[in-house]
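Read through the structure below, which is laid out as structure tokens, and then see the notes.
The values are calculated or read from the model by the stated rules, or taken from the named source; none is laboratory data. None of these values were measured; they are calculated from a predicted model. No Cβ is skipped: glycine too gets one built from the backbone with ideal geometry, and neighbour counts run over all protein chains shown. When the accessible area is computed, the model is the full protein with side chains, heavy atoms only, and any ligands, DNA or RNA have been set aside. Shrake-Rupley method; radii C 1.70, N 1.55, O 1.52, S 1.80 Å.
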Amino acid sequence: MNAEEIAAGRARWQARYDAARTREADFTTLSGLPVEPVYGPPEGSADPRFARIGWPGEYPYTRGLYPTGYRGRTWTIRQFAGFGNARQTNERYRMILGAGGGGLSVAFDMPTLMGRDSDDPQALGEVGHCGVAVDSAADMEVLFDGIDLAAVTTSMTISGPAVPVFCMYLVAAERQGADLSTLDGTLQTDIFKEYIAQKEWLFDPEPHLRLIGDLMEYCAREIPRYKPLSVSGYHIREAGSTAAQELAYTLADGFGYVELGLSRGLDVNRFAPGLSFFFDSHIDFFEEIAKFRAARRIWARWLREVYGATDERALWLRFHTQTAGVSLTAQQPVNNVVRTAVEALAAVLGGTNSLHTNALDETLALPTDSSAEIALRTQQVLMEETGVTNVADPLGGSWYVEALTDRIEAEAEEIFARIRQLGGDGPHRIGPMTSGILRGIEEGWFTGQIAESAFTYQQALEKGDKKIVGVNCHTGTVAKELEILRVSHEVELEQRRVLAGRKAGRDVAEVTAALGRMVEVARTGENLIPPMLAAVRAEATLGEICDALRAEWGVYREPARF
């Protein structure tokens with residue numbers, strides 16, 4: 001890009017910056033030196049890379065979505081939490097919000113993630129252990145008791161039974177008196193990554209895609225600010241993928257959901273802004289920053305050039321980040337505070353829109369109140385003390401970061417081409433990327449690629465080529481064992497007792513009729529959200545709703561592979 005083009009870009013950025021709102025804050029260094037909101041090439045100089053780098057708030061958004069960067073608005077501190085029953089988790093949420101958290105993120109227990117009630121035989125011993133147990137809308141009411149759902153953005157990390165859980169969230173908000181059309185938050189819903197990495201599915205892919213398409217239509221029509229899909233790379237990375245694989249598989253899944261929306265006749269300019277993303281921030285500092293920058297650039301280009309989006313907001317890749325759970329170690333767990341801080345800083349320098357920081361004891365158990373507070377304070381130290389909010393994309397133009405961004409982008413493009421090849425050259429019912437994803441799931445291609453990457457890394461660890469402090473180097477320590485959070489078996493007994501009482505107090509005929517109507521609609525092309533909402537209002541449980549659909553659609557079984 002020549003000097004005149006760069007100067008014109010700077011002038012456009014300046015005009016947008018001047019028109020935007022910035023925070024009342026001290027934008028100087030610790031020593032009192034003023035800093036500019038953005039930096040670029042010296043005045044009058046050319047830079048052949050700059051068409052790919054650009055200015056913040058301008059296509060291809062390598063440097064961020066907004067001209068002000070974090071001067072306009074800092075990232076949302078959104079701590080992921082859930083354990084035991086709804087009352088216990090509500091107390092943790094109040095603690096997080098009271099200590100300065102900006103949004104909520106719900107962790108559900110394994111029975112809930114699999115669409116099972118707490119009294120299901122398959123739930124035995126798992127209730128409340130890896131998240132909160134939610135069996136019905138009544139639990140959701142308790143979960144958010146005293147928390148205004150119309151005023152707080154809420155993220156829910158659940159995919160297989162995401163739609164009925166979302167209906168319970170809506171009913172809880174409705175019972176608070178909220179105007180549902182104004183709700184703002186995010187539902188994960190991403191079923192592709194379940195088949196690729198996490199394994200928490202209910203049905204074959206087709207019924208799940210039906211539900212997701214219905215949800216996209218419903219939210220676009222009824223709750224325009226709510227994001228019905230958070231396309232998740234986090235679990236793909238936690239399963240052992242490389243950074244480039246995480247990026248490529250995640251964005252490919254996102255393209256698949258774009259194709260799903262288009263196949264429903266939805267306007268890409270209206271539904272694409274409702275797609276958000278969820279990435280891992282791992283321990284390789286610069287690689288993670290490059291990954292985030294490449295993600296924005298790829299998404300903007302594909303949405304414009306491949307899927308025909310013309311609205312600026314449809315080109316924006318907005319993402320939440322969580323620090324890497326797999327980087328945490330049971331050995332010398334206090335070291336995890338350092339790891340988490342480094343990973344959080346990478347996410348911030350990569351331009352994340354919201355962030356969860358893991359607690360130091362999460363490799364051993366769910367976080368204690370004390371470790372959860374340290375995780376929260378980690379973000380607040382970065383935000384308030386380090387100066388990282390003063391300048392948009394402060395590493396932009398770094399020879400290393402830009403080269404790494406280009407390299408990760410190129411690797412991702414190679415993977416996209418391979419996925420589309422898997423789909424074949426014939427007609428595609430939803431779209432070519434979707435067909436390739438479904439074929440890759442069916443053949444075990446994704447899981448095979450991730451397994452190979454994980455094995456390669458494990459070999460490097462065992463040879464000592466890669467180092468983990470406290471594990472394969474610097475193993476001596478004077479640290480003592482941590483006190484960890486233990487969820488009592490009484491939680492499960494109490495949850496089952498409460499559930500039994502709620503079931504006994506319902507109008508059984510109303511529940512049966514509502515479930516029957518839902519199944520009738522499942523056999524048609526009508527949208528399933530309204531009848532599912534009716535079933536939830538009648539206090540049908542999560543397990544009852546999912547069992548009714550399992551009876552209709554069957555259960556997915558992963559093929560055995562050797």
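Assorted remarks:
- Those residues of segment 473-496 whose amide nitrogen sits under 14 Å from the label point placed on Leu124, 7 Å along Cα→Cβ: 493
- Shape parameters for segment 301-388, alpha-carbon atoms, Rg then Dmax in Å: 16.6, 51
- A Förster distance of 51 Å, applied to the separation of the beta-carbon atoms of Arg73 and Ala513, puts the FRET efficiency at 0.65.
- By the compact-protein rule of thumb, 2.2 N^0.38 Å, the alpha-carbon radius of gyration of the chain corresponds to a ratio of 0.97.
- Over segment 467-537, the Kirkwood radius and the radius of gyration, each from Cα atoms, give a ratio Rg/Rh of 1.43.
- For segment 248-265 versus segment 463-503, the inter-centroid distance based on Cα atoms is 36 Å.
- Extension gain for Lys480-Ala46 works out to 150.5 nm (0.36 nm per residue, less the C-alpha to C-alpha distance).
- Dipole of the chain computed with +1 at Lys/Arg Cβ and -1 at Asp/Glu Cβ about the Cα centre; of Ile96, Pro60, Val142, farthest Cα towards the positive end is Pro60.
- Computed from the C-beta positions of Thr29 and Glu91 and an R0 of 30 Å, the FRET efficiency is 0.15 to the nearest 0.05.
- Extension gain, Gln331-Asp267: 0.36 nm per intervening residue step, less the Cα-Cα distance, totals 18.0 nm.
- Within segment 136-288: Cβ-based charge dipole about Cα centre, in debye rounded to nearest 20 (Lys, Arg +1; Asp, Glu -1): 320
- Heavy-atom accessible surface of segment 1-118: percent carbon and sulfur, 1.4 Å: 55
- Computed from the C-alpha gyration tensor, the three semi-axes of the ellipsoid equivalent to segment 432-562 are 45, 29, 11 Å, from longest to shortest.
- For the chain, DSSP calls about 5 percent of its internal beta bridges antiparallel.
- Cα gyration tensor shape for segment 1-135, rounded if a/c is under 1.5, else prolate or oblate: prolate
- Dipole of the chain [Lys/Arg +1, Asp/Glu -1 at C-beta], most positive-end residue of Ile430, Trp316, Leu328: Trp316
- Segment 361-416 shape via C-alpha gyration tensor axes, a/c threshold 1.5: oblate
- Among the GluC sites (Glu not before Pro) in segment 31-95, those placed in a DSSP loop whose Cβ has at most 12 other Cβ atoms within 10 Å are Glu43.
- Stretched out straight at 0.36 nm per residue, the stretch from Ser488 to Arg225 would grow longer than its current Cα-Cα span by 90.8 nm.
- For segment 139-256, the share of accessible area belonging to carbon and sulfur comes to 46 percent (1.4 Å probe, ligands and nucleic acids excluded).
- Accessible surface, per residue, of segment 1-61 when the full set of protein chains is kept, probe 1.4 Å, Å²: 63
- Non-local Lys pairs in the chain, i.e. 8 or more apart or on different chains, that have alpha carbons under 24 Å apart: 7
- Shape annotation for segment 234-347: C-alpha extents along the principal axes are 53, 21, 20 Å, from largest to smallest.
- For the chain, the Cβ-based charge dipole about the Cα centre amounts to some 640 debye (Lys, Arg positive; Asp, Glu negative; other atoms uncharged).
- Each part reduced to its alpha carbon centroid, segment 402-462 and segment 333-387 end up 30 Å apart.
- Cα pair distances exceeding 12 angstrom across segment 4-44, given as percent: 70
- Sites Arg12 and Val471 - FRET efficiency at Förster radius 45 Å, r taken between beta-carbons, to 0.05: 0.35
- For segment 130-170, the per residue solvent-accessible surface stands at 18 Å², with DNA, RNA and ligands left out and a 1.4 Å probe.
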